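Worksheet: one structure, shown below.
The values are calculated or read from the model by the stated rules, or taken from the named source; none is laboratory data. Quantities reported herein were computed from a predicted structural model and do not represent experimental measurements. Using ideal geometry, Cβ is built from the backbone for each residue, glycine included, and neighbour counts are taken over all protein chains shown. Just the protein is used for accessible areas: all its heavy atoms, side chains included, with ligands, DNA and RNA removed. Shrake-Rupley method; radii C 1.70, N 1.55, O 1.52, S 1.80 Å.
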Amino acid sequence: MSGLILVVEDDEKTLKLLRDILLAFSYKVIEATDGKQAVKQAIEGKPDLITMDMQLPGISGIDATRMIKSNPGTRHIPIIAITADAMKGQDRVVIEAGCDAHVSKPFDIDKLIEKISSFLPDD
Amino acid sequence: MTIRSKSIVAIVLTFTCILVTLFMICRFLLLNNLIAIETQNTRQDVERIEKTIGYITTNLAHATADWAYWDDTYNFIQNKDPSYIETNLVESTFTDLELNLILFIDKDGIAVYSKAFDLDLKKEIQVPSEVWTQISEGNTLIKSASSTSETSGFLLVDGFPPILLVSLPILTSDDTGPSQGTLIFGRFFDAKNLDQLSNITSVSISLTTYKDFTSRNGYASINFSAKNENEIIIKPINDDTITGYTVIHDVYKNAGLVLGIELPRSIYHEGQKSITYILISISSVCVVFGLIAVIEAEKQGLSRLKRLANTVERIANSGKISGRISTVGKDEISSLGANINRMLASMQRSEDAISERAEHLQVAVVEAQLANQAKTEFLSGVSHELRTPLTAIIGMAQLLQKKYYGVLNEKQSEYVQDILESSSHLLSLINDVLDLAKIEAGKTKLEMDQYSIRELIGSSVLIVKENAVKKGLHLTVEIAEEILNQNVVVDKRRFRQIMINLMSNSIKFTEPGGKVVVTAAIKRGVLEVGIADTGIGISPEEQEKIFDAFYQVYSGTTGKSPGTGLGLSLAKRLVEQHDGKIWVESEGIGKGSCFSFTISLNLAKQVSEGSEKKALGE
């Protein structure tokens with residue numbers, strides 16, 4: 001498997017976990033720890049996919065998603081929302097914001113990889 | 001009976017009593033007094049007539065005396081000189097003296113001269129023969145030589161009116177004797193004389209012989225007592241006439257005649273008239289005073305009472321205790337009104353206090369709701385915050401388990417497995433606590449839709465089927481034939497949660513080889529779902545607490561993964577959200593148990609609306 005994935009996550013341990021998982025599955029990883037960085041990395045790093053934590057300091061994950069999706073240069077990048085909020089209807093909110101898929105914390109590694117690989121088919 | 005009618009009756013009764021009493025007083029005191037006066041007057045009249053007759057007798061006696069005590073008469077009775085008769089005893093003597101009878105009797109008792117004369121016819125008539133009989137017999141009329149006394153009175157002769165007689169001895173002009181004979185003058189006391197007497201005295205007079213009077217029927221009730229010679233009897237004969245009677249003695253001092261008078265009862269009439277006038281006047285006064293009393297009572301009391309009653313009724317009907325009664329004056333009614341006002345004011349204060357308390361309660365309720373909401377938000381926040389570290393724990397443990405960083409030894413693998421199981425348990429707890437908090441805060445909104453009963457139950461069973469089979473249990477489903485194709489309106493996710501919670505419990509507490517039977521049927525108009533097992537059963541004490549939060553059935557068997565203690569509690573809340581009931585039946589430890597719950601079939605829409613209201617925090 002290959003591909004460049006932007007991981008947006010403010011929690012250090014979770015960021016580390018995601019990074020390790022993705023590296024273990026042979027993806028390349030760039031990182032951002034807040035919304036502003038996320039938008040910047042999406043433009044500059046040109047990732048193939050973004051995993052976006054929704055609860056971010058400053059610009060929230062939802063706002064960052066909207067910015068990325070409203071930018072013609074980054075619009076095509078699939079975004080998988082990762083939420084810790086178990087509130088019902090959260091998935092609908094993130095899909096409306098422009099996310100392409102939704103995974104809630106805590107997540108099962110296999111299921112996460114399954115979702116990512118569905119957006120990044122092997123060349 | 002209203003007070004108005006009562007007071008009118010009382011007034012009428014009072015005045016009627018006054019009238020009756022007055023009538024009695026007038027009738028028996030006044031009228032009796034008047035009757036006494038009337039009797040007295042009549043008696044006086046009788047006496048007056050009696051006296052008048054006596055006066056007439058005296059006059060006649062004087063006339064007789066003029067002739068008896070006269071020398072010419074003295075000589076005549078002795079020498080019987082006819083010239084005396086020719087000169088003196090002419091017709092004019094009879095007419096002037098109104099005499100009907102003149103008798104000259106000498107000392108030997110021989111009538112020297114006798115003549116009877118009819119004054120109306122102006123002619124001589126025969127001297128009644130009975131007169132001669134009586135004179136010869138009655139010595140009192142014949143005067144002896146020594147006699148100087150006068151005898152006068154009535155002589156009763158059959159066939160003639162009573163004759164008023166005066167008999168005198170004949171003496172000289174200087175009243176010296178001896179007496180040479182007797183001179184008798186007589187006057188017929190006939191109807192003409194009675195009329196005269198009536199005219200003089202203005203009294204209707206009758207003169208009846210005692211014999212006739214006592215034998216006549218009409219006077220049967222009148223009895224003169226023999227002893228009292230001067231007795232006067234007064235007797236009203238009717239309302240118009242009163243009569244009086246007395247006995248008049250004849251010349252022999254015997255009861256000879258009865259003098260009767262008749263008088264109109266003018267005093268009695270006047271009395272009766274007066275009584276009538278008095279009664280009419282008093283009646284009028286009573287009526288006037290009665291009317292005034294009624295009007296005054298109406299004005300002062302009744303109409304005000306009525307107004308008071310109306311006002312109180314209006315206040316009572318409207319329920320507006322802020323209303324007040326107008327009080328004028330200082331009487332009992334005003335005082336009643338004032339007291340009602342005080343009562344109303346007191347009620348007003350109570351109501352104000354109640355509404356103030358209600359406001360406080362409202363505030364308290366809102367505060368409690370806010371606190372509950374804050375709790376939910378806190379739990380929601382905690383849940384979120386807990387998930388983040390849990391994500392790292394679970395994910396990293398999974399990475400270790402998947403051996404990406406090398407093979408683990410046996411102990412390491414065991415610990416990683418334990419970490420994953422504990423994390424999973426912790427996650428369940430977090431999820432259930434959050435669910436419960438949301439339900440209790442009314443924050444969950446049911447997503448009601450129509451589903452087939454068979455599909456709902458089937459899909460729920462499918463989720464746990466694998467676990468059951470893995471444990472070696474027989475999991476069967478029995479849906480009543482008539483509802484196989486029936487739909488029910490529920491929140492699918494919630495319904496499944498109920499089913500899974502109940503079935504998971506059954507699987508967990510039933511030993512391998514046991515049975516779990518899921519049934520569904522319509523009972524009493526509701527869908528009743530039952531999950532029965534052959535598991536460890538539940539004691540009666542535990543059955544009471546089993547739906548409480550965090551209650552866990554004691555399990556003697558080790559090695560079972562612990563539950564959250566919230567599954568049944570959640571199931572109960574969810575069933576209640578569907579307007580259903582949940583209960584457990586178990587014959588005791590070791591005898592299996594059966595959890596049942598109901599779902600309303602036709603109130604789906606209402607359930608939806610009801611929970612929407614809850615969701616809005618109402």
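Taking the C-alpha atoms only, the angle from helix B:410-440 to the longest principal axis of chain B is near 20 degrees. Any idea what log10 I(q)/I(0) is at q = 0.19 Å⁻¹ for the stretch B:435-546, Debye with uniform C-alpha scatterers and no solvent? Debye curve over Cα of the stretch B:435-546, log10 I(q)/I(0) at q = 0.19 Å⁻¹: -1.10.
Heavy-atom accessible area buried between chains A and B is around 1900 Å² (1.4 Å probe, both sides summed).
How large is Rg/Rh for the stretch B:311-357, to two decimals, with Cα atoms and a Kirkwood Rh?
On the way: Rg = 11.8 Å, Rh = 11.3 Å.
The Rg/Rh ratio comes out at 1.05.
Here, the stretch B:34-139 yields an orientationally averaged convex hull projection of 9.5 nm² when only Cα atoms define the hull.
Take the alpha carbon gyration tensor of the stretch B:465-508, find the square roots of its eigenvalues, order them as a ≥ b ≥ c, and report rounded if a/c is under 1.5; if not, report prolate when a/b exceeds b/c, else oblate. Can you show the working numbers first?
Numbers: a/c = 3.26, a/b = 1.48, b/c = 2.20.
Because a/c hits 1.5 or more and a/b fails to exceed b/c, the stretch B:465-508 counts as oblate.
Under 13 Å from the Cβ of B:LYS523, count the other residues' Cβ atoms, weight Lys and Arg +1, Asp and Glu -1, and hand me the total. Within the 13 Å Cβ shell, the charges total 0. The listed residues B:ARG357, B:ARG265 rank as B:ARG357, B:ARG265 when sorted by accessible area, largest first, using a 1.4 Å probe.
Remark: accessible surface ordering of B:ARG387, A:ARG92 (largest first) is A:ARG92, B:ARG387, probe radius 1.4 Å.
Given just the C-alpha atoms of the stretch B:278-422, how large is their convex hull per residue in cubic angstrom? Before the final figure, lay out the partial values.
Numbers: hull volume 23.6 nm³, N = 145.
Given the Cα convex hull of the stretch B:278-422, per-residue volume reads 163 Å³.
Starting from the stretch B:338-403, pick out the GluC sites (Glu not before Pro) whose DSSP state is loop and whose Cβ has at most 11 other Cβ atoms within 10 Å. List each step's numbers first, then the result.
Values: sites: B:GLU351, B:GLU356, B:GLU359, B:GLU367, B:GLU377, B:GLU385; in loops: none.
Hits after loop and neighbour filter: nothing returned.
The relative contact order of chain B comes to 9 percent, based on Cα pairs under 8 Å that sit 6 or more residues apart. Projecting the Cα atoms of B:ALA358, B:ALA61, B:ALA293 onto the charge dipole of chain B, computed from C-beta unit charges around the Cα centre, puts B:ALA358 farthest toward the positive end. Cα convex hull, chain A: 91 Å³ per residue, rounded to a whole number.
Loop-resident chymotrypsin sites (Phe, Trp or Tyr not before Pro) (DSSP state other than H, G, I, E or B) in the stretch B:340-423 with no more than 11 further Cβ atoms inside 10 Å of their Cβ: B:TYR405. Please work out whether the stretch B:99-156 counts as rounded, prolate or oblate from its C-alpha gyration tensor, where a ≥ b ≥ c are the square roots of the eigenvalues and a/c under 1.5 means rounded, while otherwise a/b larger than b/c means prolate and anything else oblate? Prolate. This model, with +1 at the C-beta of Lys and Arg and -1 at the C-beta of Asp and Glu, gives the protein assembly as shown a dipole about its Cα centre of some 4440 debye. In this view, the solvent-accessible surface of B:TRP70, computed with a 1.4 Å probe and all protein chains in place, comes to about 70 Å². Per-residue SASA remark: B:LYS375, around 90 Å² accessible (1.4 Å probe; ligands, DNA and RNA not included).
If you plug the beta carbon distance of B:SER355 and B:LYS306 into 1/(1 + (r/R0)^6) with R0 = 45 Å, you get a FRET efficiency near 0.85. The largest accessible area among B:HIS425, B:HIS474 belongs to the first residue in B:HIS474, B:HIS425, and the rest follow in falling order (1.4 Å probe, all chains). Using a probe of 1.4 Å, the accessible surface attributed to B:THR21 totals some 80 Å² when neighbouring protein chains are kept in position. Computed from phi, the 3J(HN,Hα) profile of the stretch B:18-24 under the Karplus parametrisation 6.51, -1.76, 1.60 (θ = phi - 60°) reads 4, 4, 4, 4, 4, 4, 4 Hz, with x in place of Gly and Pro.
If you take the Cα centroid of the stretch B:176-191 and the Cα centroid of the stretch B:147-164, the two points sit 9 Å apart. In this structure, the amide hydrogen of B:VAL112, modeled 1.01 Å from its nitrogen in the peptide plane, lies closer than 5 angstrom to those of B:PHE104, B:ILE105, B:ASP106, counting only residues at least 5 positions away or on a different chain. Just add up the charged neighbours of B:THR311: K/R +1, D/E -1, any other residue whose Cβ is under 11 Å from the Cβ of B:THR311. Here the count lands on +4.
Shown here is the pair-distance distribution of the stretch B:511-553: with all Cα-Cα distances grouped in 10 Å bins from zero up to the longest one, the shares run 23, 34, 39, 4 percent.
Listed by chain and number, the lysines whose C-alpha is less than 20 Å from the C-alpha of B:LYS123, apart from same-chain residues fewer than 8 away, are B:LYS115, B:LYS192. Here the protein assembly as shown is treated as an ellipsoid with the same Cα gyration tensor; its semi-axes, largest first and in whole Å, are 163, 30, 19.
Mind pulling up the Rg/Rh value for the stretch B:283-368? Radius of gyration and Kirkwood radius, both on Cα.
The Rg/Rh ratio comes out at 1.32.
Report summary: the helix-based calculation at 222 nm, which adds -39500 (n - 2.57) for every DSSP H run with n ≥ 4 and divides by the residues of chain B, gives -18000 deg cm²/dmol. Residues whose amide H lies under 5 Å from that of A:SER104, counting only those 5 or more places away or on a different chain, are A:THR83; hydrogens are built 1.01 Å from N in the peptide plane. Using only the C-alpha atoms, the convex hull of the stretch B:175-327 corresponds to 270 Å³ per residue. Over all directions, the projected convex hull of the C-alpha atoms in chain B averages 64.8 nm² in area. The orientation-averaged projected area of the convex hull spanned by the Cα atoms of the stretch B:388-447 comes to 5.4 nm².
Note on the protein assembly as shown: dipole from Cβ charges, positive end direction compared against A:SER2, B:THR214, B:ILE135; the farthest Cα belongs to A:SER2. The distance separating the Cα centre of the stretch B:59-136 from that of the stretch A:38-74 comes to 187 Å.
Which of rounded, prolate or oblate describes the stretch B:119-182 when judged by the alpha-carbon gyration tensor and an a/c cut-off of 1.5? Working shown, then result.
On the way: a/c = 2.47, a/b = 1.76, b/c = 1.41.
The shape class here is prolate.
All other residues whose Cβ lies under 13 angstrom from that of B:MET503 are scored, Lys and Arg at +1 and Asp and Glu at -1, for a net of +3.
Separation of the stretch B:323-343 from the stretch B:1-40 is 41 Å, based on Cα centroids. Using bins of 5 Å that start at zero, the share of Cα-Cα pairs per bin across the stretch B:1-56 amounts to 5, 16, 10, 11, 9, 8, 8, 7, 6, 5, 4, 4, 3, 2, 1, 1, in whole %.
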